[in-house]
1. Of the residues in region B:84-142, how many are away from every other protein chain (no Cβ under 13 Å), part of a loop (DSSP other than H, G, I, E, B), under 22 Å from the mean Cα position of the chain (by Cα) and not aromatic (Phe, Trp, Tyr)?
2. Can you find even one residue in region B:70-77 that is outside any helix (DSSP H, G or I), open to solvent by 40 Å² or more (accessible area, probe 1.4 Å) and either in contact (Cβ under 8 Å) with a residue 60 or more places away in the chain or under 26 Å from B:Met136 (Cα atoms) (or both)?
3. Mind checking which pairs have a first residue in region A:62-77 that is more than 7 Å from chain B (Cβ to nearest Cβ) and open to solvent by less than 60 Å² (accessible area, probe 1.4 Å) and a second that is β-branched (Val, Ile, Thr) and part of a strand (DSSP E or B), Cβ under 6 Å, 6 or more apart or different chains?
4. Among the residues of region A:123-139, write down those that are part of a helix (DSSP H, G or I) and either in contact with a strand residue (DSSP E or B) (Cβ under 9 Å, 6 or more places away or on another chain) or surrounded by fewer than 18 Cβ atoms within 10 Å (Cβ to Cβ) (or both).
5. Which ranges mark the helices (runs of 4 or more DSSP H) fully within region B:172-290 that have 1 or more residues being in contact with a Gly (Cβ under 9 Å, 6 or more places away or on another chain), among the basic types (Lys, Arg) and open to solvent by less than 10 Å² (accessible area, probe 1.4 Å)?
6. Being closer than 17 Å to B:Asn490 by Cα and either open to solvent by 10 Å² or more (accessible area, probe 1.4 Å) or of a type in the set (A, V, I, L, M) (or both) is the requirement here; does B:Ser402 meet it?
7. Within region B:303-331, which residues are open to solvent by less than 50 Å² (accessible area, probe 1.4 Å) and within 20 Å of A:Gly201 (Cα to Cα)?
8. Condition first: of a type in the set (Val, Ile, Thr), touching a residue at least 12 places away in the same chain (Cβ under 8 Å) and either more than 14 Å from chain A (Cβ to nearest Cβ) or open to solvent by less than 40 Å² (accessible area, probe 1.4 Å) (or both). Can you find one or more residues in region B:568-582 that meet it?
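The values are calculated or read from the model by the stated rules, or taken from the named source; none is laboratory data. It should be emphasised that the depicted structure is a prediction, and the values quoted were computed from it without experimental measurement. Please note: Cβ atoms are built from the backbone with ideal geometry, for glycine as well, and neighbour counts cover all protein chains shown. We work out accessible area using only protein heavy atoms, side chains counted, and drop any ligands, DNA or RNA first. Shrake-Rupley method; radii C 1.70, N 1.55, O 1.52, S 1.80 Å.
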Amino acid sequence: MASVTTAPAAEAAPAPEPRAETILHMVGRFIRPAIALTFLLTVVAGILYPLTITGIAQAIFPSQANGSLVYKNGQPIASSLIGQYWTQPQYFHGRPSATSPTPYNASNSGGSNLGPTNSALQAEIQANIDQVRKENPDVPDTTKIPIDLVTSSASGLDPDISVAGAYYQVPRIAKARGMTAAQVEDIINAHIQGRFMGIFGEDVVNVLELNMALDKAQGK
Amino acid sequence: MTFTFNGLAQIAVFFLILLLLTKPVGLYLVAVFEKKNTWFEPVLRPVEKAFYWISGVKEDEEQDWKAYTVSMLVFTVAGLLLLYAIERLQDKLPLNPMHQSAVDPALAWNTAVSFSTNTNWQNYSGETTMSYLTQMMGLAFHNFTSAAVGIVLAVAVIRGFVRRSGKSLGNFWVDLTRCMLYLLLPICIVGALFLVWQGVPETFNGSAVVTSLEGFKQTIALGPVASQEVIKMLGTNGGGFFNANSAHPFENPTNFTNLVEMLWIFTFGAGLLYFFGKVAGNTKIGWALFGAVSFLFLAAAVICFGAEQNGNPLLNTVHATKDAVVSVDQTYHEYALAQPGGNMEGKEMRFGIGSSTLFATVTTDASCGAVNSWHDSYTPIGGMIPMLNIALGEIVFGGVGSGHYGLLMFAVLAVFIAGLMVGRTPEYLGKKIEQQEVKMASLGLLILPLSILGFSAFAIVYPHGVSQISNPGPHGLSEILYAYTSMTGNNGSAFAGLSANTPFYNWTGGFAMLIGRFGFVIPIMALGGALAGKRIAPAGPGTLPTTGVLFSALVVGVILIVGALTFFPAYALGPIVEHLLMLAGKTF
């Protein structure tokens, strides 16, 4: 703190005793406001502010404030915002998730961080392509796989897939549920979430919404 | 490069909204810092006075640049020590429902420096390391104060540029208090509630446990997220509550929140440019700088978008094992079979390419460092843009305050260089730019690359440094370069594949952040202090006009030439060579 003792002395030039500032003055000039304001601002910004926000949020937006949980028969089945791991053929599947130790681990979010020229990325995409092909054998070979179905999302908790990604899975779901392709496509079309202001973001479908709508359509 | 109409429209509309916000925000800044009445005066004025009374601050006492700087340093050190103590003791303190243990010393040091310097580099995963108390009292507190410190430093430097007499730059404690009470807290209260409405959690309960329709059990981390999220963006801090940062649906659930979060990052940077012109007595001076940085912003946003929308050509050659013709589709489609296409690795579906690359540009133009997609997984050129944005000094609207005083430094250099070229007297705002000013501007300019390139070179020759790389080949060099660029630039975003939570990276990174913050701001404050005492000479025929397109272009030229000359050799070995190898089909 050498600068503390030297710097302000120059400032006090017009005062009668320019260089006579004692340690006590220094404490008064710099240390006291530093400690007092640190304390006061911690109380205001670190305690009162979050407590106030939490109080108001819990009162006026209780559902969102507690994680937008979705219930079925009184049991929480998901958060509408957090993607889940889907494996069964009668449900739409989400994007690959790179969270550890298991996919869609909602207490340890993250992406793969694989770089574009890393051979591990190629290997992962290859494995994802094989997985998608295995799950959807009825899709003709001429149909390319939408990129979002074989790439890991940023959060590992992506709740959405592209419209193309949903259509790709239609033959499998129709077969597994004994529905027509048109019925499944109608459900997709009814759940497309457009861009914000018609401009920002992408057209997406929420996987959980689709799957709940499928179950509902069949009275489950 | 591939462009879509929608992608370019996102950039254009975002920029238009920012343009509309600039003047009102700037005028409000004038009210706060020139002590005009704000709307909150009746409620907050007594609180403000009580703060001064308790802290022993005399409201009308002015400080010169040295006293102002020392006040800032003492305040920052106090906060840094407090955060370090909270981290080390969090297991013994309340509000720890998930029973997080104490943070180890190297990580606690790195994090304490990181948050008190407005960097918010995170070598930890929020949901598995920090207690709610640490997140709130430690981290959120610094999100506020480090932002406020940045803003008031910029205001002090501006005063040096525009004041007609005296050597004083204002009073640090008064500016800090007013910035917190009148500026940051009111916006944050409204902003946090907006975020909760959109789906961002705000609770002190532990995680929620759900059982999916398929019977999978999922534990969902929650917390007081919204109250932190807003100041994280508004204060260009960028430290996420969750590891996935603004890609996490709980931090950034919709495209509405994504747009607002991007605007928050730029709000004060843009507003300060207007503020500067206003207090200098000619708003055209502010708009000239606004024009310069707008050009840099738009160019970067368009290039980054084009590179990512083009996708990764290496993936087009990957085929299914069983039926070898089936490959992936990286092209953009509208309407019935809509999909974003492009390089979607490490990006969220709802943001697609356009809103991801725009966010990446904004967050690195400013010193925010929040991410809604993983820059490490960007194509080489797409990932080079964010890195270059930071390396140029984050002066494009910039971090709160820091971007503004960084840009003023470039303005001084532009005036000086132009003066040398055409033989005109170097003057800015009627004040002569002389030896002392140019020395200080050059010092500030040299310190950043010294830290970025110096630490990177050290990490590359040090075996441990290289061993933490996750992506081999030239991309590995980019990971290290990005890390020290981000920490020195007080940005905090990362090529996150690098495993930087080691004593080596924690300690060196901590020093890089300190150098980047204080090694830069002290010369700038000296520059402001030197200018403060100067007489304002009326503009003569030999004066270079510092308004208008010519001056904007000159500033852009200085920024690009300095930046390119400094960093091109390093980038040639990292992202540029990786791009060429990618086109040649080479993997590592």
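1. 5
2. Let us first name the residues in region B:70-77 that are outside any helix (DSSP H, G or I), namely none.
The answer is no, given that none of the residues of region B:70-77 is outside any helix (DSSP H, G or I), open to solvent by 40 Å² or more (accessible area, probe 1.4 Å) and either in contact (Cβ under 8 Å) with a residue 60 or more places away in the chain or under 26 Å from B:Met136 (Cα atoms) (or both).
3. Going by the 6 Å Cβ cut-off, the qualifying pairs are A:Val70/A:Ile77.
4. First, pick out the residues of region A:123-139 that are part of a helix (DSSP H, G or I): A:123-135.
Once the filter is applied, which keeps residues that are part of a helix (DSSP H, G or I) and either in contact with a strand residue (DSSP E or B) (Cβ under 9 Å, 6 or more places away or on another chain) or surrounded by fewer than 18 Cβ atoms within 10 Å (Cβ to Cβ) (or both), region A:123-139 yields A:Ala123, A:Ile125, A:Gln126, A:Ala127, A:Asn128, A:Ile129, A:Asp130, A:Gln131, A:Val132, A:Arg133, A:Lys134, A:Glu135.
5. Values: elements: B:172-178, B:185-198, B:225-234, B:255-279.
Qualifying helices (runs of 4 or more DSSP H): B:225-234.
6. yes
7. Answer for region B:303-331, where residues must be open to solvent by less than 50 Å² (accessible area, probe 1.4 Å) and within 20 Å of A:Gly201 (Cα to Cα): B:Cys304, B:Phe305, B:Gly306, B:Ala307, B:Glu308, B:Gln309, B:Gly311, B:Asp329, B:Gln330.
8. no
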